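Asker: Please read through the structure below; I'll follow up with questions.
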């Protein structure tokens, strides 16, 4: 069992670190450490720190996705901005194919293939219906219900 002094030292270091990163998280971390109290071990504190890091990485990805990712489809071009803020413009002449891609979570995506793959998340992106309608007007995403059967 770890003594109260050792837990106090580790807790002080964590609170200092959290305060230097994000001042708002300092109080939350202090309350959590106080709640864990004497039962806390280095393993529990380590798992908690790992959890904070994983949440920070995953949260950063989604913040960048929502803040930066843009796909603007016009009659003449496709403008794509990645989550890192890099913008690329593609002409419709550069488009090799456009198709639907179904994902395991029940949402549909539209895949536009140029020299890169551009995914339009129809459930997560604003005005994706307008982009889908424009793509269909351009002659892509046509569904052929009549299939050719092999004559045997």
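Asker: At 0.692 mPa s and 37 °C, plugging the Kirkwood radius over alpha-carbon pairs of the stretch 74-137 into Stokes-Einstein gives what diffusion coefficient in µm²/s?
Answerer: 264 µm²/s
Asker: Another question, if that's okay. Grab the beta carbon distance between residue 54 and residue 83, set R0 = 25 Å, and tell me the FRET efficiency rounded to 0.05.
Answerer: 0.85
Asker: Quick check on the exposure proxy: order 41, 74 from fewest to most C-beta atoms within 10 angstrom.
Answerer: Placing the least packed residue first, the sequence is 74, 41.
Readers should treat all values here as calculations from the given coordinates under stated rules, not as data from a laboratory. From a predicted model like this one, the values you see are computed outputs, not experimental measurements. Backbone-built Cβ (ideal geometry, glycine too); neighbour counts: all protein chains shown.
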